[in-house]
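The values are calculated or read from the model by the stated rules, or taken from the named source; none is laboratory data. The structure displayed is predicted, hence computed values, not measured ones. Cβ placement follows ideal geometry from the backbone for every residue including glycine, while neighbour counts extend to all protein chains displayed. Accessible surface areas use protein heavy atoms only, side chains included; no ligands, DNA or RNA. Shrake-Rupley method; radii C 1.70, N 1.55, O 1.52, S 1.80 Å.
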Amino acid sequence: MGSGTGAARGGSPRSGGADGGRGWSRRRFVGAIGALGGATAASALAGCAGDGDGGDGSAASRETPQAAPPGQPSSSGPSSSAAPATTPGSAPGASGPRPLYLGTYTSAEGGGKGVGVASYDPASGRITGGGTIIGVPDPSYLAVHPDGRTLYAVNERDRGAVTAVRLADRTVLGSRATGGAHTCHVSVHPSGRWLLSADYGSGSVTVHPIAASGALGERTDHVTHRRPAPRSGQRGPHAHQFVTAPDGGHVIAVDFGTDTVYSYRLDGKAGTLTEVAQAHTRAGAGPRHLVFHPGCRYAYLANEADDTLAVCAYDASSGRLTIGRPQSTGAKADVNYPAQPALTPDGRFAFLANRGDNSLARYAVEQDGARLRLLGTVPVEGDFPRQIALSPDGGLLFAANQRSGTISVFRVDAGGELRLAGEPFASPVAVCALPL
């Protein structure tokens, strides 16, 4: 659910509207109850043994897979003429400014005109603007290929799609339809061969092949969540995230509308999905996003509707997730919707964006990932933090504040403390920050 939707769902600041009859709008739900990197995934994959033996028993309806070979892009679009602020794909440890890409809603009043391009200083956290990649409609979530050469953006509209952009010259390589509605999340498999996307409006997940050029081929699979049946208050399935588990052989879909986290085996040759497990939250929890611990045995799940966070045990052999008891987000506001969790690369500290409370919760990760201990919260210095992300070295945390149209940057110290790094950076309808 959450706020932030495509043009057809109306509302400003980006809080939803009509969804074409395929699910309840995010704005209406909020009223009723009150966005990394491939390199990180690849390193997690290298540190985990086993990729599960799978099985079927799928509880989803599936469309017939379409022709799969990654070919030429289906469409193209203009790109900005400004020169890149930094070199795409440069080593995370390199000195000097680093690239930062910003997601927005192009159809929102006061929204951006495409993917924002900026750079940041890894030492000070200072952000400098660098232009816009135009020709990408409603790019509300972003991901980058493991080789750092291609950026992928969702197009969060009635007819969901994903777009590829070559970063060296900011050329839009084309877009592909997901087959669903209001695509809200995208990630790249650590192999670099598959793009995974989630459609909020239709409650579906999609796989696209990635060509050597970074361009996308026609989808190889598309699955709509049918069981368990959503509760009446959640008005249909609403897939909110689709990511790769640390073992690499399983991919995980988080669905707000069905209160379920689905585990699939991804066929690495065909790009097809086989459901192998389901994990259910308590009724009405509304799971939104999760993040895996680098130890590969645990994940942390943000439940948007009931304002909680849960530690989940993960079994790589089966792909099964076991959801633990809900715990506090630390929010003091009467109404709060936790959004995205994030974890330091060393796995010692976790953070959570609290929309409504306008804070960032801080947790110590204990017992090799099995326990989270709430340390407190800090003001985000913005309004409605939709998404957070850490720099590759874990030294900075970026918060995209949707309603204030700003990016707040915090230094992360050795004890997990967050300290604001200067004034927030203005970015129209900021809903995603992707630091490289």
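Quick look at the numbers
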{"quantity": "Count of residues meeting criterion [β-branched (Val, Ile, Thr) and either open to solvent by less than 10 Å² (accessible area, probe 1.4 Å) or under 19 Å from the mean Cα position of the chain (by Cα) (or both)] in region 131-148", "calculated": "3"}
{"quantity": "Exclusive hit being part of a strand (DSSP E or B), out of contact with any Asp or Glu (no Cβ under 7 Å at 6 or more places or on another chain), open to solvent by less than 20 Å² (accessible area, probe 1.4 Å) and more than 18 Å from Gly116 (Cα to Cα), set Ala433, Ala364, Ala400", "calculated": "Ala364"}
{"quantity": "Check on Ala310, within 22 Å of Ala253 (Cα to Cα), in contact with a Ser or Thr (Cβ under 9 Å, 6 or more places away or on another chain) and not basic (Lys, Arg)", "calculated": "yes"}
{"quantity": "Residues of region 223-241 satisfying the condition of being under 15 Å from Tyr264 (Cα atoms) and over 20 Å from the mean Cα position of the chain (by Cα)", "calculated": "Arg226, Arg227"}
{"quantity": "Number of positions in region 149-184 that are part of a loop (DSSP other than H, G, I, E, B), more than 16 Å from Leu216 (Cβ to Cβ) and open to solvent by less than 10 Å² (accessible area, probe 1.4 Å)", "calculated": "4"}
{"quantity": "Flag for Ser107 being part of a loop (DSSP other than H, G, I, E, B), of a type in the set (S, T, N, Q) and open to solvent by less than 20 Å² (accessible area, probe 1.4 Å)", "calculated": "no"}
{"quantity": "Some residue of region 262-272 being aliphatic (A, V, I, L, M), out of contact with any His (no Cβ under 7 Å at 6 or more places or on another chain) and open to solvent by less than 10 Å² (accessible area, probe 1.4 Å)", "calculated": "no"}
{"quantity": "Residue identified as among the aliphatic types (A, V, I, L, M), in contact with a Gly (Cβ under 6 Å, 6 or more places away or on another chain) and either within 28 Å of His208 (Cα to Cα) or open to solvent by 10 Å² or more (accessible area, probe 1.4 Å) (or both) among Ala279, Ala299, Ala305", "calculated": "Ala305"}
{"quantity": "Meets criteria (surrounded by 22 or more Cβ atoms within 10 Å (Cβ to Cβ) and assigned to a strand (DSSP E or B)) for Gln327", "calculated": "no"}
{"quantity": "Residues of region 229-245 satisfying the condition of being open to solvent by less than 10 Å² (accessible area, probe 1.4 Å) and either β-branched (Val, Ile, Thr) or not in a strand (DSSP E or B) (or both)", "calculated": "Gln234, His238, Ala245"}
{"quantity": "Conditions (1) of a type outside the set (Lys, Arg); (2) open to solvent by less than 20 Å² (accessible area, probe 1.4 Å); (3) closer than 23 Å to Gly148 by Cβ; (4) over 17 Å from the mean Cα position of the chain (by Cα); number of the one not met by Thr220", "calculated": "(3)"}
{"quantity": "Filtered residue count, region 312-324, keeping only those that are outside any strand (DSSP E or B) and either buried (at least 18 other Cβ atoms within 10 Å of the Cβ) or touching a strand residue (DSSP E or B) at 6+ places or on another chain (Cβ under 9 Å) (or both)", "calculated": "3"}
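Table: residues versus (1) within 18 Å of the chain's Cα centre (by Cα); (2) farther than 29 Å from Arg297 by Cα; (3) open to solvent by less than 10 Å² (accessible area, probe 1.4 Å).
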| site | (1), (2), (3) |
| --- | --- |
| Phe349 | no, no, no |
| Ala353 | yes, no, yes |
| Leu390 | yes, no, no |
| Ile407 | yes, yes, yes |
| Phe410 | no, no, yes |
| Pro424 | no, yes, no |
